[in-house]
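The values are calculated or read from the model by the stated rules, or taken from the named source; none is laboratory data. Computed from a predicted model, the values in this text were never measured in an experiment. Please note: Cβ atoms are built from the backbone with ideal geometry, for glycine as well, and neighbour counts cover all protein chains shown.
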Amino acid sequence: MSDQLIIFDTTLRDGEQSPGASMTRDEKVRIARALERMHVDVIEAGFPIASEGDFESVKAVADVIKDSTICGLARALDKDIDRAGEALKGANSARIHTFIATSPIHMKMKLRMAPDAVVEQAVAAVKRARRYTDNVEFSPEDAGRSELDFLCRVLEAVIDAGATTVNIPDTVGYNLPQQFGGLIGNLIERVPNSDKAVFSVHCHNDLGLAVANSLAAVQNGARQVECTINGLGERAGNASLEEVVMAVSTRQDVFDCSVDHLDRTQIVPCSRLVSSITGFNVQPNKAIVGANAFAHESGIHQDGVLKSRETYEIMRAEDVGWSANRMVLGKHSGRNAFRTRLQELGVSFASEEELNDAFVRFKELADKKHEIFDDDLQALVTEANLEAENERIKLVALRVCSETGEKPHAVVALNTDGEEQSGEADGGGPVDATFKAIESIVSSGTELQLYSVSNITSGTDSQGEVTVRLEQDGRIVNGQGADTDIVIASAKAYINALNRILAPVDRQHPQV
Ligand code: KIV
Ligand code: ZN
C-alpha cells in the first residue's frame, strides 16, 4: 500500500505574504472552509504574533475547522510560540510550526548568531512548542542554501527535542530539481533519527521550479508538501497545490504515495475563491485552474479529443471541478434556496439581518443577470464583507458619459467620514475619468500599480470583477469590486483599495 502524501496548505500564511494579498478574518475562514472541503491535511492559518488581526484570524480558523489540522507559524522565540499556542487553543488538531534560519548568510547577516546558538534556540523552541501540542513542525529557514552537515546536526537535534515534522524550505527558490531531490534523499539517509519525523518540503518559485523541486523531493522520500492555491506567495510564489496534487495523482506510475484522500473536484472552486478574495487573477494558461487549461483551440486537437479524449487530455476537467460552477439560482429563487446554497459553499450568516442584506443584493443582481452561478454568490459575499470592513469612504453615486469623438467624463459622489462630497473629471477612458473624479475629492497621494478586470462567469451579462492595486509610501494594498457594470465595479475596487490604505496596520513579517 502506498503512503498518503500530506498536503500542507499555506495560502493563508505564506500566500498572504504576497504584496497586497492580505485577507480579513472572515475571508480567511471562507478559504479555510474551502480547503477543509477539499480534505487538505494541514492548513497554516497565519502568524499569530504578527498582529492582533493575525491572531484573531488563526483563532477563528482554529475554532471553526474541525477536519483539518490547523497550524500557526512562530519564530523560534518564546513569545511567538506562546502566542501561537494561545491562538490554536480551540483547534481539534493543532500544530505549531517554528523556524530559524540555518544558512551561513542568514545566520551571519540576519540573525548575527553563531551556529551553536542557532541549534540551541531551535531545540528550545521545539521543546516549548511541545508544551502546547504534540504536533510540532520545525523549519531550518533557507535550508536550500545551508551546509549539509549543519542541517543534519540541526535536524537530529530538533527531532530529539520532539519535532514530529521537519520541513526543508528552499526559501529563495534557488535549487534545481535533481539537486533538491538529492538533498532530501541525503538528509533522510544521514539524519540518524529521520524515521521519527515526517520530512516535508516548502519550495519558492523564483526560478519557476517550486513544483518541480517539490515533486523531486517526494520522489526522494518527502511525505509532506507545503503549497498554496494558485501558487500564491512571496515574490514569484510558492509551489502550487493544484499542480502538485494533480501531478501526483496523474502520474501514479512514478510516485509511491497518493493524494486519493483529497477531493480534487474542489480545486477549481477553491482557486476561484482565492483569486476573487485576493484579487490575484489566474493567468489563462495556468495549469489545472487557468481558463485555457482544458480548452482545445487547434482543429487537429479538437478532432482528436472528439474521437477519444485521451488523445490530448491527460486529466478530465470535471475531475478538478471545472463543472462545479453550477447555475444554482435565479430571479425567482427564494431566501431559503439562497441560504442553503451559501451554506453548501461554506458561507454562514452571523445574523438574520446579514442574511437579509445579502438576499437584497442577490435580488438586485438577479434583476440584471438571469443565471446566478456559485462564483456570483462568492463575489456577492466578498462584496458584502468588503463593505463591512471599516469603510471611511463610500460610493454614493456615479455618472459616466462616454461618447464617440468626446472625452469621457465622470461625476462621482462619495461619503467620506459621514460627509457627502462630489467631484468630476475627464479621462482617457471612462475608468480613468472615474478614478480622477474620485481623486479630485480624496487626493490620496497613492500610486496606481495595477488595474485588472475579469469576468466572473461567461456571457456579456457576467459580472466584471476588478482589482486595483495602490501603493503609498511602500505599502501596497489590493482593492476589489464586482458589478455587471464594469465602470461601477472599477469605482468600487478603487474605493475599497483607498479604504484599505486608510486602515492602520502594524504587522510584523515573520522573516525579517
Ligand atoms: O520560505 C520559508 O522559508 C518560509 C518558512 C517560514 C518556512 O516560509
Ligand atoms: Zn515560504
Problem - Output for the stretch 165-188, where each listed residue is part of a loop (DSSP other than H, G, I, E, B) and within 14 Å of ligand 1 (Cβ to nearest atom) - result: T171, V172, G173, Y174, N175
Exercise for the section: Inspect all residues belonging to the stretch 42-51 and state whether any of them is outside any strand (DSSP E or B) and among the charged types (D, E, K, R). Expected result: no
Handout entry: Some residue of the stretch 472-493 being within 16 Å of ligand 2 (Cβ to nearest atom), surrounded by 16 or more Cβ atoms within 10 Å (Cβ to Cβ), among the polar types (S, T, N, Q) and not in a helix (DSSP H, G or I)
Key = no
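What are the residues in the stretch 125-144 that are out of contact with any His (no Cβ under 6 Å at 6 or more places or on another chain) and within 11 Å of ligand 1 (Cβ to nearest atom), if any?
Narrowing the stretch 125-144 to residues out of contact with any His (no Cβ under 6 Å at 6 or more places or on another chain): 125-136, 138-141, 143-144.
Those that are out of contact with any His (no Cβ under 6 Å at 6 or more places or on another chain) and within 11 Å of ligand 1 (Cβ to nearest atom): F138, S139, P140, E141, A143, G144.
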Fill in the blank from the handout: D63 vs (1) surrounded by 19 or more Cβ atoms within 10 Å (Cβ to Cβ); (2) in contact with a Gly (Cβ under 6 Å, 6 or more places away or on another chain): all pass except (1)
Exercise for the section: Sort out which residues of the stretch 29-49 are at pLDDT below 95 and in contact with a strand residue (DSSP E or B) (Cβ under 8 Å, 6 or more places away or on another chain), and write them in order of number. Expected result: none
Exercise for the section: Sort through G481, G464, G427, G423 and tell me the only one that's more than 16 Å from ligand 1 (Cβ to nearest atom), in contact with a strand residue (DSSP E or B) (Cβ under 9 Å, 6 or more places away or on another chain) and farther than 30 Å from D367 by Cα. Expected result: G427
Handout entry: Flag if D263 is surrounded by fewer than 18 Cβ atoms within 10 Å (Cβ to Cβ), at pLDDT 95 or above and touching a Lys or Arg at 6+ places or on another chain (Cβ under 9 Å)
Key = yes
Exercise for the section: Scan the stretch 179-207 and report the pairs whose first residue is closer than 12 Å to A222 by Cβ and whose second residue is of a type in the set (D, E, K, R) and assigned to a loop (DSSP other than H, G, I, E, B), with Cβ atoms within less than 9 Å and a gap of 6+ or a chain change. Expected result: V198/R223; F199/R223; S200/R223; H202/D14
Exercise for the section: Specify which of the listed residues (A236, A161, A210, A157) is within 27 Å of M23 (Cα to Cα) and surrounded by fewer than 21 Cβ atoms within 10 Å (Cβ to Cβ). Expected result: A236
Problem - Close pairs from the stretch 2-22: first under 24 Å from S249 (Cα atoms) and touching a residue at least 12 places away in the same chain (Cβ under 8 Å), partner within 11 Å of ligand 1 (Cβ to nearest atom) and part of a loop (DSSP other than H, G, I, E, B), Cβ under 7 Å, at least 6 apart - result: G15/G233
Fill in the blank from the handout: Quick count over the stretch 73-126, residues being charged (D, E, K, R) and closer than 22 Å to V42 by Cβ, is 7
Problem - Failed criterion for L176 (all others in (1) aliphatic (A, V, I, L, M); (2) surrounded by fewer than 24 Cβ atoms within 10 Å (Cβ to Cβ); (3) within 16 Å of ligand 2 (Cβ to nearest atom) hold) - result: (3)
Fill in the blank from the handout: With criteria (1) within 20 Å of S276 (Cα to Cα); (2) at pLDDT 95 or above, S462 comes up short on (2)
Handout entry: Evaluation of F359 against (1) among the aromatic types (F, W, Y); (2) part of a loop (DSSP other than H, G, I, E, B); (3) at pLDDT 90 or above (one fails), failing number
Key = (2)
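What number of residues within the stretch 39-69 satisfy the criterion of being of a type outside the set (S, T, N, Q), farther than 14 Å from D14 by Cα and out of contact with any Leu (no Cβ under 6 Å at 6 or more places or on another chain)?
Count: 15.
A quick yes/no check of all residues on (1) surrounded by 17 or more Cβ atoms within 10 Å (Cβ to Cβ); (2) in contact (Cβ under 8 Å) with a residue 12 or more places away in the chain; (3) of a type in the set (A, V, I, L, M); (4) away from ligand 2 (no atom under 16 Å from the Cβ):
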residue: A101; (1), (2), (3), (4): yes, yes, yes, no
residue: I105; (1), (2), (3), (4): no, yes, yes, yes
residue: K108; (1), (2), (3), (4): no, no, no, yes
residue: A122; (1), (2), (3), (4): yes, yes, yes, yes
residue: Y132; (1), (2), (3), (4): yes, yes, no, yes
residue: S139; (1), (2), (3), (4): yes, yes, no, no
residue: D142; (1), (2), (3), (4): yes, yes, no, no
residue: N167; (1), (2), (3), (4): yes, yes, no, no
Exercise for the section: From (1) under 27 Å from the mean Cα position of the chain (by Cα); (2) over 30 Å from A247 (Cβ atoms), pick out the condition that doesn't hold for A397. Expected result: (1)
Problem - Contacts under 8 angstrom Cβ, first residue in the stretch 85-97 being assigned by TED's automatic domain parsing to the domain that holds V29 and without any contact (Cβ under 8 Å) to a residue 60 or more places away in the chain, partner in a loop (DSSP other than H, G, I, E, B) and of a type in the set (D, E, K, R), 6 or more apart - result: G85/R131; N92/K66; N92/D67
Handout entry: Condition check for F150: more than 24 Å from the chain's Cα centre (by Cα), within 16 Å of ligand 2 (Cβ to nearest atom), of a type in the set (F, W, Y) and not in a loop (DSSP other than H, G, I, E, B)
Key = no
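Out of the residues in the stretch 2-23 meeting the condition of being within 13 Å of the chain's Cα centre (by Cα), of a type in the set (G, A, S) and modelled with pLDDT under 95, tell me which one is nearest to ligand 1 (Cβ to nearest atom).
Narrowing the stretch 2-23 to residues within 13 Å of the chain's Cα centre (by Cα): 8-23.
Next, only the ones that are of a type in the set (G, A, S) stay: 15, 18, 20-22.
With modelled with pLDDT under 95 added as a condition, the list becomes 18, 20-22.
Working: S18: 12, G20: 18, A21: 14, S22: 16 Å.
Filtering first and then ranking leaves S18.
Is it fair to say V191 is at pLDDT 95 or above, more than 21 Å from N238 (Cβ to Cβ) and within 16 Å of ligand 1 (Cβ to nearest atom)?
Values: at pLDDT 95 or above: yes; more than 21 Å from N238 (Cβ to Cβ): yes; within 16 Å of ligand 1 (Cβ to nearest atom): no.
No.
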Handout entry: Residue check for S240: among the small types (G, A, S), more than 16 Å from ligand 1 (Cβ to nearest atom) and in contact with a Ser or Thr (Cβ under 9 Å, 6 or more places away or on another chain)
Key = no
Exercise for the section: Take the stretch 194-231 and flag every residue that is away from ligand 1 (no atom under 13 Å from the Cβ), among the small types (G, A, S) and part of a helix (DSSP H, G or I). Expected result: S194, A212, A216, A217, G231
